[in-house]
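Everything below concerns the one structure shown next.
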Amino acid sequence: MTDLRIAIVGFGKIARDQHVGAIAAVPGATLAAVASRNASLPELPHFATVEELLEKGPPIDAVSLCTPPQVRRAQAATALAAGKHVMLEKPPGTGVAELDPLIAMARDAKRTLFATWHSRYAPAVEPARAWLASRRIKSVHINWKEDVRVWHPGQAWIWEPGGLGVFDPGINALSILTRILPRPVFVTAAELDFPANCQAPIAADLKLTDIGGLAITAEFDFRQTGPQSWDIVAETDQGQMTLSRGGRIMAIDGKVVADAPDQEYRELYRRFVKLAVTGASDVDLAPLRLVADAFLLGRRNIVEPFVD
Ligand code: NAP
């Protein structure tokens, strides 16, 4: 079988930090080109746009879209129309409905559309799901707080409409939540703090539940200085389960039971290569729907302006 020849589109922080290394490490995947307005990689063909890549670039089978969410839908449609498989960074879109035509295009063209949720591939997520499956869950609390100035410096798109603000990292927690719980969950209330000069929230408190009335709370905050937290705690009839460091470490009643090295992006590319063999798609919109509902239901507070 020949390698899946992939072009990265949008060569920013996550492309550099994770995608390049993951593609190099995964058998069956090859990085063939970069399309980015300003950035490039030495010794790889470079194009400013997806259109230029498709018109003048080397033969490729797939694109991996690492651009901000506001421009990804159009790029995905262009790539699918040209017969390419498409991998989408998270969140898969700026709205929920914009995914429908992409899903249909991929199905009709027998090409893969892979809406990735990298946090679901964190090493302790599947152990947590398996452990919770045989317990009665009493409550769940998400504590997802990071310093936006440390993790997203200069990323103006995060504060624009469709940029999601604090839900850009927060949706990772929701992607884990919707994976590890046995039943679908929904938002019942939300409180969103919008800086006076921004179009997206800097902090959010959510209440969620499921058909059985499970109490789920979530605190997202981009203003965290000092210790950062990416934790989910579930109280059950057989003890407290903690998933920390974004799903990397699992503890039961404070005792670590799972702690393995991060392979999230390698797992994503292994899955992409596998999906592309048959042109099957993998698009789960549950985390994005929860964020959309938080915007629909949320009470809004205007807080002090944010200056990067
Ligand atoms: P980023 O550093 O801003 O990189 C995105 C790149 O896309 C930019 O460097 C820019 O490259 C290009 N771009 C920006 N605006 C564009 C536009 N209007 N049209 C075309 N290209 C544009 O952002 P990032 O942190 O890599 O995040 C990208 C996506 O990955 C986001 O959806 C984010 O949620 C997700 N993600 C990020 C992280 C993380 O740790 N940063 C982790 C997981 C997932 P050029 O100027 O060269 O075109």
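The values are calculated or read from the model by the stated rules, or taken from the named source; none is laboratory data. Note that the structure is predicted; figures quoted are calculated from it, not measured. Using ideal geometry, Cβ is built from the backbone for each residue, glycine included, and neighbour counts are taken over all protein chains shown. Just the protein is used for accessible areas: all its heavy atoms, side chains included, with ligands, DNA and RNA removed. Shrake-Rupley method; radii C 1.70, N 1.55, O 1.52, S 1.80 Å.
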Given the condition farther than 13 Å from Phe272 by Cβ, among the basic types (Lys, Arg) and in contact (Cβ under 8 Å) with a residue 24 or more places away in the chain, answer yes or no: does some residue in segment 26-37 qualify?
no
So if I check each of Ala48, Ala32, Ala24, Ala76, which one is touching a strand residue (DSSP E or B) at 6+ places or on another chain (Cβ under 9 Å), more than 9 Å from the ligand (Cβ to nearest atom) and under 28 Å from Leu164 (Cβ atoms)?
Ala76
Those residues of segment 12-29 which are over 7 Å from Cys66 (Cβ atoms) and in a loop (DSSP other than H, G, I, E, B) amount to Val26, Pro27, Gly28
Ala294 vs. criteria in a strand (DSSP E or B) and either touching a strand residue (DSSP E or B) at 6+ places or on another chain (Cβ under 8 Å) or modelled with pLDDT under 95 (or both)
no
Quick one: which of Ala32, Ala62 is open to solvent by less than 50 Å² (accessible area, probe 1.4 Å), aliphatic (A, V, I, L, M) and over 20 Å from the mean Cα position of the chain (by Cα)?
Ala32
Residue pairs within 8 Å by beta carbon, gap of at least six or interchain, first lying in segment 150-162 and under 17 Å from Phe194 (Cα atoms), second within 7 Å of the ligand (Cβ to nearest atom) and among the aromatic types (Phe, Trp, Tyr), listed first then second, are none
From Ala204, Ala215, Ala190, Ala200, which residue is surrounded by fewer than 19 Cβ atoms within 10 Å (Cβ to Cβ) and in the same structural domain as Arg149 (by TED's automatic domain parsing)?
Ala215
Looking at (1) closer than 26 Å to Arg266 by Cβ; (2) open to solvent by 10 Å² or more (accessible area, probe 1.4 Å); (3) more than 10 Å from the ligand (Cβ to nearest atom), which one does Glu55 not meet, given that it meets all the others?
(1)
Restricted to segment 1-11 and to residues being assigned to a loop (DSSP other than H, G, I, E, B) and either more than 16 Å from the ligand (Cβ to nearest atom) or aliphatic (A, V, I, L, M) (or both), the residue least open to solvent (accessible area, probe 1.4 Å) is Asp3
Does segment 165-175 contain any residue that is part of a strand (DSSP E or B), of a type outside the set (Lys, Arg) and open to solvent by 10 Å² or more (accessible area, probe 1.4 Å)?
no
